[in-house]
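Only one structure is covered here, and it is reproduced in the block below.
The values are calculated or read from the model by the stated rules, or taken from the named source; none is laboratory data. What you see is a predicted model, and the numbers here were worked out from it, not measured in a lab. All Cβ positions, glycine included, derive from the backbone under ideal geometry; neighbour counts span all protein chains shown. These accessible areas exclude ligands, DNA and RNA; they are computed on the full protein's heavy atoms, side chains included. Shrake-Rupley method; radii C 1.70, N 1.55, O 1.52, S 1.80 Å.
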Amino acid sequence: MPKHVLISLCGTSPAVITETVYQLRDDLPREIIVITTTKGHACLTQELFASGIWTKFLAVLKPVDDIKFCDNAHHIRLLPGAETGNAEDIVDDPGNARMADFILGTLRQFTENPDTKITFSIAGGRKTMSAVGALSMSLLGRRGDDLCHVLVNHPYDQPALQPRFYFPEVGKSHRMPDGTVYSSEQAQIELCRIPYVRQRYLFEDSVKRLPGDYSDVVRQANQWIEAAHGPDALELMPQSYSCRIGARIIALSCFEFTVVWLLALRRLEQEPDFTNTTDFKD
């Protein structure tokens, strides 16, 4: 049976990790990989590990098998910084490019292993992280791999709630600044599984040869898709001085039709492309 791995994006609200795992309790991950910034790492360390929340969560969950997740470089992957070190936040185009490469590279490590099943959560981090995570899954995700987002009802999603909500606990209460008290057991967590196009099957034989950069992978994938689809056929209709490209009919003047006819004839005879106006005159 494939090993279930949860890959989760995380910003400064690590509750998305416990909420997601809680909703996966019928098919718990055996391992958790978190992609975050140094700021997110600090929040995660303080709120889940140092606070004892993660230990209490496991005690409530009672997993049959251990869930491998702890504060180390394997389970918590820090996004790279500009030159050396790690990123505190993602706030510019170069940072977005590094982030995209990193997310794709991390996902690739697990999707190339046939003995894994991936659940990829885009609930945390910047919106650009979520967008890139979803697009990366579309490029590399396999049958059986899930893309998901987690939602919790108000006010359990509010940072002002004291204590903060991480998962439903029997007998626990939370209070808002206005004094309103809410029962932890009344929280409603929704795990939304997002359908996505598994583009890897369009170029399955070449996946392992894909370049490492996210932008290069996208460019290469687009080229393969365009090559597989092929250009629309051009049909010339001299009776009406028009042409058909795919399903579209374009009316032309006599001169325009003649030019298109000559260019099409040149392509059929495998003549070289025009490089300048002198070639055209000749």
query = Can you tell me which residues in the stretch 116-145 are open to solvent by less than 40 Å² (accessible area, probe 1.4 Å) and either of a type in the set (D, E, K, R) or assigned to a helix (DSSP H, G or I) (or both)?
reply = Met129, Ser130, Val132, Gly133, Ala134, Ser136, Met137, Ser138, Leu139, Leu140, Arg142, Asp145
ask   = Just to be sure, is Arg198 closer than 22 Å to Leu6 by Cα, of a type outside the set (A, V, I, L, M) and at pLDDT below 95?
value = yes
request  = Run down Glu83, Glu112 and say which single residue is more than 20 Å from the chain's Cα centre (by Cα) and modelled with pLDDT under 95.
outcome  = Glu83
task = Quick one: which helices (runs of 4 or more DSSP H) lie wholly within the stretch 1-107 and hold at least 2 residues that are hydrophobic (A, V, I, L, M, F, W, C) and open to solvent by 30 Å² or more (accessible area, probe 1.4 Å)?
result = 38-44, 53-61
key: Where Gln188 falls short, out of the listed (1) under 26 Å from Asp146 (Cβ atoms); (2) modelled with pLDDT under 80   = (2)
request  = Provide a single number: the residues in the stretch 240-276 that are in contact (Cβ under 8 Å) with a residue 12 or more places away in the chain, assigned to a strand (DSSP E or B) and in contact with a Phe, Trp or Tyr (Cβ under 9 Å, 6 or more places away or on another chain).
outcome  = 2
Residue match in the stretch 215-238 (condition: touching a helix residue (DSSP H, G or I) at 6+ places or on another chain (Cβ under 6 Å), at pLDDT below 95, surrounded by 10 or more Cβ atoms within 10 Å (Cβ to Cβ) and of a type outside the set (A, V, I, L, M)) = no
remark   = Filtering strands (runs of 3 or more DSSP E) wholly in the stretch 146-203 for at least 1 residues that are surrounded by 12 or more Cβ atoms within 10 Å (Cβ to Cβ) and among the β-branched types (Val, Ile, Thr) gives 146-152, 189-193
